[in-house]
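The values are calculated or read from the model by the stated rules, or taken from the named source; none is laboratory data. Here the structure is a predicted model, which is why all the values come from computation and not from measurement. Cβ placement follows ideal geometry from the backbone for every residue including glycine, while neighbour counts extend to all protein chains displayed.
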Amino acid sequence: MPDVTIRYDRQKVHRAVLDEMRSRLPNIVAEHLCIPETDGALTPDDIELNFHAYGPDDLHGKYILEIIIDANLYRKRSANLDQRTQRIKLDIALILELVETKLMSWFVQGYSIKDDQWFVWVRLSKASFR
């Protein structure tokens, strides 16, 4: 059961981004971390999302959006983890482009999250859930 934490700067990340993430991230994570026909098989209902705005005491450098995914360690999942993470990041980049286009149609000018302002971090570890 992957746990996804979305940390963000509420002054710089538009609410529409968070709404799209809530809607699309479970499918994206399940698709790219699934290991069919094993204990690592996933559906969107298996994915948990947690949204946290940065607080006044947080230090986060240049990043305004962080997607941190904690999932169980399986050999087949870890064997190509970099490719899985890259595919997740590419799908999230499409969400960000979609939101930017949508906001422009609402006459919100100049909104953009640059590639060096956000990241995806997939962390695999041994875990037990009952």
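Within segment 30-42, the set of residues being out of contact with any Cys (no Cβ under 8 Å at 6 or more places or on another chain) and exposed (fewer than 13 other Cβ atoms within 10 Å of the Cβ) comprises Pro36, Glu37, Thr38, Asp39. For segment 107-130, the candidate set comprises residues that are surrounded by fewer than 16 Cβ atoms within 10 Å (Cβ to Cβ), under 21 Å from the mean Cα position of the chain (by Cα) and of a type in the set (Ser, Thr, Tyr); within that set, the residue that is nearest to Leu81 (Cα to Cα) is Ser125. For segment 46-82, a tally of residues being of a type in the set (D, E, K, R), under 16 Å from the mean Cα position of the chain (by Cα) and more than 17 Å from Ile6 (Cα to Cα) returns 1. Of the strands (runs of 3 or more DSSP E) lying entirely inside segment 23-130, those containing at least 3 residues that are free of Cβ contacts under 8 Å to residues at least 60 places away in the same chain span 48-53, 118-125. Scanning segment 73-88 for residues that are crowded, with 18+ Cβ neighbours inside 10 Å and not β-branched (Val, Ile, Thr) returns Arg77, Arg84.
The one condition from (1) within 13 Å of the chain's Cα centre (by Cα); (2) hydrophobic (A, V, I, L, M, F, W, C); (3) crowded, with 18+ Cβ neighbours inside 10 Å that Val13 does not meet is (1). Taking the condition of being under 15 Å from Asp9 (Cα atoms) and of a type outside the set (A, V, I, L, M), how many residues in segment 45-102 meet it? Here the count works out to 13. In the set (1) surrounded by 18 or more Cβ atoms within 10 Å (Cβ to Cβ); (2) touching a Pro at 6+ places or on another chain (Cβ under 8 Å); (3) not small (Gly, Ala, Ser), the condition left unmet by Asn27 is number (1).
Residue-by-condition table, conditions (1) under 17 Å from Val120 (Cβ atoms); (2) modelled with pLDDT of 95 or more; (3) of a type in the set (A, V, I, L, M, F, W, C):
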| residue | (1), (2), (3) |
| --- | --- |
| Val4 | yes, yes, yes |
| Ala30 | yes, yes, yes |
| Leu33 | yes, yes, yes |
| Asp39 | no, no, no |
| Glu66 | yes, yes, no |
| Leu90 | yes, yes, yes |
| Thr101 | no, no, no |
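Of the listed requirements (1) closer than 17 Å to Val120 by Cβ; (2) modelled with pLDDT of 95 or more, Gly61 misses just one: (2).
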